[in-house]
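First the structure, in the form of structure tokens, and then the observations on it.
The values are calculated or read from the model by the stated rules, or taken from the named source; none is laboratory data. Note that this is a predicted model, so its numbers are computed, not measured. Cβ coordinates were reconstructed from backbone atoms using ideal geometry, including for glycine residues, and neighbour counts include every protein chain displayed.
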Amino acid sequence: MNCEDFRDLIPAYTMGTATSGEVEAVEAHLLECDEHDEVASTAAAVTLLGSTVEPVNPPAALKSRVMVRVEATAIKPGVAELRTSTARPYRRWLFANPIAALLVVAIGVLVVWNIVLQTTDSPERFVHSYWGNENDWMRIETVLGEPGAEVSLGGIERLDEAFKYQLWTIRGDDVLLVGAFNVNVEGRWAGEFEFTFEEGDRVWMTEEPASGTDAPTGDVVLKTRF
């Protein structure tokens with residue numbers, strides 16, 4: 001592999017999309033040639049892009065919407081030859097400048113993402129975090145008013161088999177059961193409930209018999225409010 005071929009593979013290699021054969025070829029060339037400081041700078045750019053974007057759960061229909069946009073903008077037959085012949089100088093420039101190539105790809109993805117978000121009614125995720133006085137904590141992620149909630153917690157004492165924890169929502173005069181569970185030996189638990197949370201809910205966690213109860217009867221381990 002010569003240096004020109006090597007530079008063609010830098011974007012795919014640093015972004016983790018290269019084939020196993022391409023990875024072996026790139027790493028073999030790196031052992032033989034010390035003229036490729038751009039690999040480190042491109043890898044740093046990839047890391048920077050990933051660290052500056054807050055994780056977002058995409059809408060369920062995102063993939064299909066993106067594919068529709070891609071198909072709508074595909075190059076039509078009969079025009080490909082003309083565009084290929086005029087695009088080669090730009091292609092060489094991009095692969096000779098891997099950071100620029102990476103940024104072009106990132107911008108393209110962001111443009112498609114922005115178009116999809118503008119045409120998608122995506123409900124806002126609600127995240128509530130609680131921190132206690134004894135290193136106990138809880139995190140609830142949900143869409144208020146819609147069923148389904150991801151719950152995780154830690155710093156809680158594991159119960160023996162005769163007991164379990166029950167999570168409740170106090171809503172006005174109503175006491176609603178969210179779900180039951182027990183933490184692991186490290187005092188942690190994570191799972192999902194099909195419960196529908198609403199703004200202003202108070203959340204209690206109590207220690208109850210393993211058979212379960214219809215209302216809180218045991219000690220309140222933690223309480224918080226949205």
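Brief remarks on what is shown
- Yes/no for D174 being without any contact (Cβ under 8 Å) to a residue 24 or more places away in the chain and more than 26 Å from R125 (Cα to Cα): no
- If only residues of region 130-160 that are touching a residue at least 40 places away in the same chain (Cβ under 8 Å) and in a loop (DSSP other than H, G, I, E, B) are counted, the one that is surrounded by the most Cβ atoms within 10 Å (Cβ to Cβ) is I156.
- Residue count for region 168-226 satisfying the condition of being among the small types (G, A, S) and not in a strand (DSSP E or B): 8.
- Check on N133, assigned by TED's automatic domain parsing to the domain that holds E208 and either among the basic types (K, R) or in contact with a strand residue (DSSP E or B) (Cβ under 8 Å, 6 or more places away or on another chain) (or both): no
- Residue in region 30-50 that is among the hydroxyl-bearing types (S, T, Y), at pLDDT below 60 and in a helix (DSSP H, G or I) present: yes
- Where a residue in region 1-25 is within 20 Å of E35 (Cα to Cα) and in contact (Cβ under 8 Å) with a residue 60 or more places away in the chain and its partner, wherever it lies, is assigned to a helix (DSSP H, G or I) and among the acidic types (D, E), with Cβ under 9 Å and at least six apart: R7/E38; I10/E38
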